[in-house]
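Nothing in this text is a laboratory measurement; each read-out follows from the coordinates by a stated rule. All of these numbers come straight from a predicted model, not from anything done at the bench. Quick reminder, even Gly has a Cβ in these numbers, built from the backbone with ideal geometry, and neighbours come from all protein chains shown.
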Amino acid sequence: MPAATQSHPPTVMERLHQAQNQHDLEAFLTCFDPDYQSEQPCHPDRAFGSRDQVRKNWSSIFTTVPDLRSDVLGSVTQGNRVWTEWHWYGTRVDGTRFAMRGVTIFGVQDDRIRSGRLYMEPIEEQGAGIDAAVEHLTHATPQE
């Protein structure tokens, strides 16, 4: 007789990931507390507080990136905090590539996401390289 396997109910992050890939907005929204608080520390003007704004944001993403896919590259849970590295990608309805990578840090309570700090950024495939990036950050004059 095969050994019994124990299955666990999916975590909120597993449900969120599945809803993203199924483009199931209602299932996606059930992962968030109604009073969800979001911040993007690198872009402080993007902070918001409500599940209604999550609906607005992701309704737009699911509509304009109809083949959106989400990969979880890694995840760590410590207490009520979940750090997850993501790769979101697809093609926008205008034919341009949609690609983002980064990390989210979610505060979870009662199996719902109550807060989030998002460090998600568009992937920059072409650029001037690391030297130009450091020069831009430091305002240094290029050295020969």
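With respect to the conditions (1) under 20 Å from the mean Cα position of the chain (by Cα); (2) over 29 Å from Phe48 (Cβ atoms), Gly107 lacks only one, and its number is (2).
Of all residues in the stretch 25-42, which are among the polar types (S, T, N, Q) and either free of Cβ contacts under 8 Å to residues at least 12 places away in the same chain or over 13 Å from Asn57 (Cα atoms) (or both)? Let's see the steps before the verdict.
Here is the first cut: in the stretch 25-42, the residues among the polar types (S, T, N, Q) are 30, 37-38, 40.
Correct list: Thr30, Gln37, Gln40.
Residues that are touching a strand residue (DSSP E or B) at 6+ places or on another chain (Cβ under 7 Å) and farther than 16 Å from Gln109 by Cα within the stretch 14-48 comprise His17, Gln20, Asn21, Glu39, Gln40, Pro41, Cys42, Ala47, Phe48, listed in sequence order.
For the structure I just gave you, tell me whether Arg15 is surrounded by 14 or more Cβ atoms within 10 Å (Cβ to Cβ), assigned to a helix (DSSP H, G or I) and in contact with a Leu (Cβ under 8 Å, 6 or more places away or on another chain). So Arg15 fails the test.
How many residues does the stretch 49-64 contain that are within 20 Å of Gly107 (Cα to Cα), of a type outside the set (D, E, K, R) and outside any strand (DSSP E or B)?
Keep residues of the stretch 49-64 that are within 20 Å of Gly107 (Cα to Cα), which gives 49-55, 57-58.
Narrowing further to those that are of a type outside the set (D, E, K, R): 49-50, 53-54, 57-58.
Among the residues that remain, those that are also outside any strand (DSSP E or B) are: 50, 53-54, 57-58.
Counting residues in the stretch 49-64 that are within 20 Å of Gly107 (Cα to Cα), of a type outside the set (D, E, K, R) and outside any strand (DSSP E or B) gives 5.
For Val76, are the conditions met, namely being under 18 Å from Met13 (Cβ atoms), of a type in the set (A, V, I, L, M), in contact with a Phe, Trp or Tyr (Cβ under 9 Å, 6 or more places away or on another chain) and surrounded by 15 or more Cβ atoms within 10 Å (Cβ to Cβ)? It is false that Val76 is under 18 Å from Met13 (Cβ atoms), of a type in the set (A, V, I, L, M), in contact with a Phe, Trp or Tyr (Cβ under 9 Å, 6 or more places away or on another chain) and surrounded by 15 or more Cβ atoms within 10 Å (Cβ to Cβ). The listed residues are Asp67, Asp45, and the only one of them that is without any contact (Cβ under 8 Å) to a residue 24 or more places away in the chain, outside any strand (DSSP E or B) and either more than 24 Å from Glu14 (Cβ to Cβ) or among the acidic types (Asp, Glu) (or both) turns out to be Asp45. Of everything in the stretch 37-60, what is under 16 Å from Asp24 (Cα atoms) and of a type in the set (Gly, Ala, Ser)? Give them in sequence order. Those that are under 16 Å from Asp24 (Cα atoms) and of a type in the set (Gly, Ala, Ser): Ser59, Ser60. Residue check: Met100 meets all listed conditions (1) touching a Pro at 6+ places or on another chain (Cβ under 8 Å); (2) more than 26 Å from Gln126 (Cβ to Cβ) but one, namely (2). In this structure, Thr77 does not qualify as hydroxyl-bearing (Ser, Thr, Tyr), over 15 Å from the mean Cα position of the chain (by Cα) and closer than 20 Å to Pro122 by Cβ. In the stretch 99-113 there is at least one residue matching the filter, namely being farther than 23 Å from His43 by Cα, not hydrophobic (A, V, I, L, M, F, W, C) and not in a loop (DSSP other than H, G, I, E, B).
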